[in-house]
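Rule-based calculations on the coordinates, nothing more; no lab input. Just so it is clear, the model here is predicted, and its values are computed rather than measured. Here Cβ is always computed from backbone atoms with ideal geometry, including for glycine, and neighbour counts include all displayed protein chains.
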Amino acid sequence: MALTLNNLHPAKGSTHKKKRVGRGPGSGLGKTAGRGHKGQKSRSGYSSRPGFEGGQMPLQRRLPKRGFTNIFKKEWIEISLAKIEENFKAGDEITPEILHDRGLIKKAKHDLVILGNGDVSKSFKISAHRFTKTAKDKIEKAGGTATQIVKQVAEAAA
């Protein structure tokens, strides 16, 4: 039998009839409509908040707080020389913005670190916030330059 629009139907047992409540005692869901007698849950307009435990101290408040988040934590974005080698030509100038535009790093706002993984056969002009010792050596050995970007800190007005 071919599947056509006139014989489409859901799989057996996957659909259920809508529960019709408040339709008399014969239905089994008359009068209180399956909500029981009185109480907050029987009222119209009731909706519970996630994590609410009926007034009992909720789990997220019973458990102790642990640790802290350092708001001054330095975020670094790492990229290996191997990745730079395969995505750029010899003599290219590489900056965090160019890496971001090419999709090699996600955010250009964090500081960039060049890691020494992989070999370098081409010469590049790389600007980054930090270089590992091996990365700097490999770049300079291949005839390129590794320039460190220094962020200027605004001086406080006297």
task: Might you report the magnitude of the Cβ-based charge dipole of the chain about its Cα centre, with Lys and Arg at +1 and Asp and Glu at -1, to the nearest 20 debye?
output: 2120 debye
- line: Over segment 16-88, the quotient of the Cα radius of gyration and 2.2 N^0.38 Å is 2.48
query: So what is the calculated 222 nm ellipticity per residue for the chain, using -39500 (n - 2.57) for each DSSP H run with n of 4 or more, over all residues, to the nearest 500 deg cm²/dmol?
result: -4000 deg cm²/dmol
- request: Collect residues whose amide H, placed 1.01 Å from N in the peptide plane, falls under 5 Å from the amide H of L112; neighbours closer than 5 in sequence don't count.
  value: I77, H129, R130
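Give me the one-decimal Kirkwood hydrodynamic radius in Å for the chain, with the sum taken over alpha-carbon pairs. Walk me through the numbers on the way to the answer.
Details: mean 1/r = 0.0428 Å⁻¹.
By the Kirkwood definition, the hydrodynamic radius is 23.3 Å.
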- request: Only Cα pairs under 8 Å and at least 6 apart count here; give the relative contact order of segment 76-148 as a rounded whole percent.
  value: 35 percent
Using a Förster distance of 22 Å, the FRET efficiency for S80-K125 (Cβ separation, nearest 0.05): 0.80
- prompt: So if R0 is 30 Å, what FRET efficiency would R35 and A11 give, r being the distance between their Cβ atoms, rounded to the nearest 0.05?
  reply: 0.45
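Run through segment 60-131 and list the GluC sites (Glu not before Pro) located in a DSSP loop whose Cβ has at most 11 other Cβ atoms within 10 Å.
Passing both the DSSP loop test and the Cβ count: E75.
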field: Potential extension, I98-K65 segment - 0.36 nm per residue separation minus Cα distance
entry: 7.7 nm
